[in-house]
Amino acid sequence: MPYAIFKTGGKQYRVAEGDVIEIEKLDAEPGSEAKFSDVLFVGEGSDIKVGADLSGATVVAEVLEQVKAPKVVAFKFRRRKGYHRTVGHRQKLTRVKITSIGA
């Protein structure tokens, strides 16, 4: 089964066709198609393509939904000083399904 490594949102993802992954938020509507052209590696068994062999390679995905990650709480505390600060953060993500890998 072919797989690829591509980069988006400052992170790298290893995917195969049919995989459902969560990536950094994309400005795309659910049901639309997203193309990733920053492909770093494509492999199928012993057939490996990397570097200049990948000119024009793309990973195509279908946008399933826009979601939010679980809340992350950063709590600062200094004992005996009456100091405590709570800061929360919830990352926005896009859930996509990989439809094709073109090398």
- Message: Can you return the aspartates and glutamates within cross-link range of K92? Criterion is Cα-Cα under 12 Å, with same-chain partners fewer than 8 residues away left out.
- Response: E22, E24, D27, E65
- Contour minus Cα-Cα span, K11 to R78, at 0.36 nm per residue, comes to 20.7 nm
- By average Cβ neighbour count within 10 Å, what is the ranking of 56-62, 84-90 from highest down? 56-62, 84-90
- Query: Per residue Cα convex hull volume for the chain, in cubic angstrom?
  - Reply: 130
- By the mean-Cβ-within-10 Å protection proxy, highest first, 65-74, 23-32 rank as 23-32, 65-74
- Query: Once you list every other residue whose beta carbon is under 14 Å from the beta carbon of E44, what net charge do they have if Lys and Arg are +1 and Asp and Glu are -1?
  - Reply: -1
- Message: Give me the one-decimal nm value for the distance between modelled label points at A69 and S46, 7 Å along each residue's Cα-to-Cβ direction.
- Response: 4.0
- Query: So what's the net charge close to K25: Lys and Arg +1, Asp and Glu -1, counting the other residues with Cβ under 13 Å from its Cβ?
  - Reply: 0
- Query: What is the sum of charges around L64, taking Lys and Arg as +1, Asp and Glu as -1, for the other residues whose C-beta is under 12 Å from the C-beta of L64?
  - Reply: -4
- By the gyration tensor of its Cα atoms, with a ≥ b ≥ c the square roots of the eigenvalues, what is the shape of the range 48-100: rounded for a/c under 1.5, prolate for a/b over b/c, or oblate? oblate
- How much of the accessible area of the range 27-89, probe 1.4 Å, is carbon plus sulfur, in whole percent? 50
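The values are calculated or read from the model by the stated rules, or taken from the named source; none is laboratory data. Source: prediction; values computed, not measured. A quick note on method: Cβ atoms are made from the backbone with ideal geometry, for glycine too, and the neighbour counts reach across all protein chains shown. Just so you know, the surface numbers come from the protein's heavy atoms only, side chains and all, with ligands and any DNA or RNA stripped out. Shrake-Rupley method; radii C 1.70, N 1.55, O 1.52, S 1.80 Å.
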